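Below: the structure, in structure tokens.
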Amino acid sequence: MSRLICRGELIEDRWRWVDVDEAPAPAAGEGLILPLARWCAQRPGLDAARTGVWLGPDDDVAPLLPWLATLPLIAIRFPVFTDGRGYSLARLLRGRHGYAGELRAVGDVLRDQLYFLQRCGFDSFALRADQPPEEALAAFHDYSWAPLSGG
């Protein structure tokens, strides 16, 4: 298992990322994070408590809206750190649609982004492989601006 930052702490990741063409089979105590298209197609037969969904920067959140209250995790993939569309998806999910579950930033996620990702609504972060999560924890104290309020 890999380690990630979740709500300001280092934890062992108990979720397994499922790529588009992979056949998912969860291990005991493990959840699956499925791509949006696969989640939509298989949703009726999925264990809602152990299945999350991942969004790419071009994905529309509309198919998720009826099920936001039951989704334990939504991961937003950043293909490159300069792609800011994931920030917008997070703000839509948290602010406009009231998503209260775990919102995870994944992909090309760097320490320098963490403070701002958190301000947009992310509460967990799977950093790029060359970014030590132990060192990245300090990023949440890089600035002293007040947190955003409301949505």
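The values are calculated or read from the model by the stated rules, or taken from the named source; none is laboratory data. As the structure is a prediction and not an experimental result, all values here were calculated from the model. Here the Cβ is made from the backbone with ideal geometry for all residues, glycine too, and neighbour counts use every protein chain on show. Heavy atoms of the whole protein, side chains included, go into the accessibility calculation; ligands, DNA and RNA do not. Shrake-Rupley method; radii C 1.70, N 1.55, O 1.52, S 1.80 Å.
In this structure, is Leu32 touching a Lys or Arg at 6+ places or on another chain (Cβ under 9 Å) and within 24 Å of Ala129 (Cβ to Cβ)? So Leu32 passes the test. Inside region 112-131, residues that are of a type in the set (D, E, K, R) and in contact with a strand residue (DSSP E or B) (Cβ under 7 Å, 6 or more places away or on another chain) make up a count of 1.
Scanning region 127-139 for residues being part of a helix (DSSP H, G or I) and surrounded by fewer than 13 Cβ atoms within 10 Å (Cβ to Cβ) gives a total of 3. Residues that are within 29 Å of Ala129 (Cα to Cα), of a type in the set (D, E, K, R), modelled with pLDDT of 95 or more and surrounded by 15 or more Cβ atoms within 10 Å (Cβ to Cβ) do not occur anywhere in region 36-45.
When each of Arg96, Arg7 is tested for being open to solvent by 40 Å² or more (accessible area, probe 1.4 Å), out of contact with any strand residue (DSSP E or B) (no Cβ under 9 Å at 6 or more places or on another chain) and in contact (Cβ under 8 Å) with a residue 40 or more places away in the chain, the lone residue that passes is Arg96. Applying the condition of being out of contact with any strand residue (DSSP E or B) (no Cβ under 7 Å at 6 or more places or on another chain) and at negative phi to region 26-35 and asking which residue is surrounded by the most Cβ atoms within 10 Å (Cβ to Cβ) yields Ala27.
Of the residues Asp21, Asp58, which single one is modelled with pLDDT under 95, of a type in the set (Asp, Glu), more than 30 Å from Glu134 (Cβ to Cβ) and more than 16 Å from the chain's Cα centre (by Cα)?
On the way: Asp58 fails: more than 16 Å from the chain's Cα centre (by Cα).
Selected residue: Asp21, the only one of Asp21, Asp58 that is modelled with pLDDT under 95, of a type in the set (Asp, Glu), more than 30 Å from Glu134 (Cβ to Cβ) and more than 16 Å from the chain's Cα centre (by Cα).
Candidates Arg94, Arg104: the one that is of a type in the set (Lys, Arg) and closer than 18 Å to Leu34 by Cα is Arg104.
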